[in-house]
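Notes for the one structure printed next.
The values are calculated or read from the model by the stated rules, or taken from the named source; none is laboratory data. Note that the structure is predicted; figures quoted are calculated from it, not measured. Positions of Cβ are generated from backbone atoms using ideal geometry, with glycine treated the same way; all protein chains shown enter the neighbour counts. The protein model used for the area step is the full one, side chains on, heavy atoms only, and it has no ligands, DNA or RNA in it. Shrake-Rupley method; radii C 1.70, N 1.55, O 1.52, S 1.80 Å.
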Amino acid sequence: HKRDIIKNMNIISRIYYSFLILSGKKSVIGRKVKVKLYGKDGKTLITIAKVDTGAYTTSIDKSLALELGYHSLVELKESPELKKFIEKPIEEIKGNIIGLQNIAYNEFKAKYPELSAVKIVISSHGVSIRPEFNIRVRFGGQVFNTDCNITTRTSLRYTCLLGRKTLRRFLTDSTQSI
């Protein structure tokens with residue numbers, strides 16, 4: 001009986017996702033996609049991005065941000081003035097993460113007009129603070145704006161990671177690739 005319920009739920013899910021695809025509401029993408037990023041002053045670049053449904057926000061390596069003309073945001077990312085917000089005990093950061101993000105954003109928004117937010121990320125790699133901005137992207141047959149943050153991804157296989165906020169208009173199929 002339990003197996004039948006699960007089987008029926010799987011069939012219903014497949015029908016629903018097929019409807020979304022056929023109706024044009026959602027496109028299907030794989031684990032990796034070719035992405036065109038649009039930067040400042042007409043600069044663009046094409047890279048292979050990792051689809052990461054575990055990440056909330058899209059991230060690009062600071063080298064990509066530099067190529068796209070976001071020099072001032074990379075400068076901010078590396079600045080001691082920004083890093084001071086995470087030079088506290090982890091428990092203190094966890095207890096006031098939203099407040100710290102808001103204070104940091106308010107401190108830097110006048111000097112860095114492209115800045116849309118400052119995000120503190122706590123992961124298994126530790127604590128990082130990242131400038132966030134809006135960027136235009138093209139992949140999966142669509143062109144749109146999305147939130148993106150700058151981080152250090154040079155030692156990782158992909159210098160661009162697509163998070164859930166960017167992926168909400170797509171269905172991901174882990175069996176597909178580029």
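The table that follows gives values for the structure above.
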| quantity | calculated |
| --- | --- |
| Of all residues making up segment 84-100, the number that are more than 18 Å from HIS125 (Cα to Cα) and among the β-branched types (Val, Ile, Thr) | 1 |
| Enumeration of residues in segment 32-51 that are out of contact with any Phe, Trp or Tyr (no Cβ under 9 Å at 6 or more places or on another chain) and crowded, with 16+ Cβ neighbours inside 10 Å | LEU37 |
| Test: residue in segment 90-106 that is of a type outside the set (A, V, I, L, M) and touching a Cys at 6+ places or on another chain (Cβ under 8 Å) | no |
| Single residue of segment 125-140 satisfying the filter (open to solvent by 10 Å² or more (accessible area, probe 1.4 Å) and over 30 Å from VAL28 (Cβ atoms)) that is modelled with the lowest pLDDT | HIS125 |
| First in segment 124-136 and over 16 Å from LYS94 (Cβ atoms), second anywhere and among the aromatic types (Phe, Trp, Tyr) and open to solvent by 40 Å² or more (accessible area, probe 1.4 Å), Cβ under 6 Å, 6 or more apart | ARG136/TYR38 |
| Residue satisfying condition, being over 10 Å from SER59 (Cβ atoms) and at pLDDT below 90, within set SER174, SER116 | SER174 |
| Close pairs (7 angstrom Cβ cut-off, 6 or more residues apart or separate chains): of a type in the set (Lys, Arg) in segment 91-120, in a helix (DSSP H, G or I) and at pLDDT 95 or above anywhere | LYS119/GLN101 |
| Residue within segment 143-153 that is of a type outside the set (Val, Ile, Thr), outside any strand (DSSP E or B) and open to solvent by 80 Å² or more (accessible area, probe 1.4 Å) present | no |
| Selected residue (only one of LYS111, LYS94 is at pLDDT 95 or above and open to solvent by 40 Å² or more (accessible area, probe 1.4 Å)) | LYS111 |
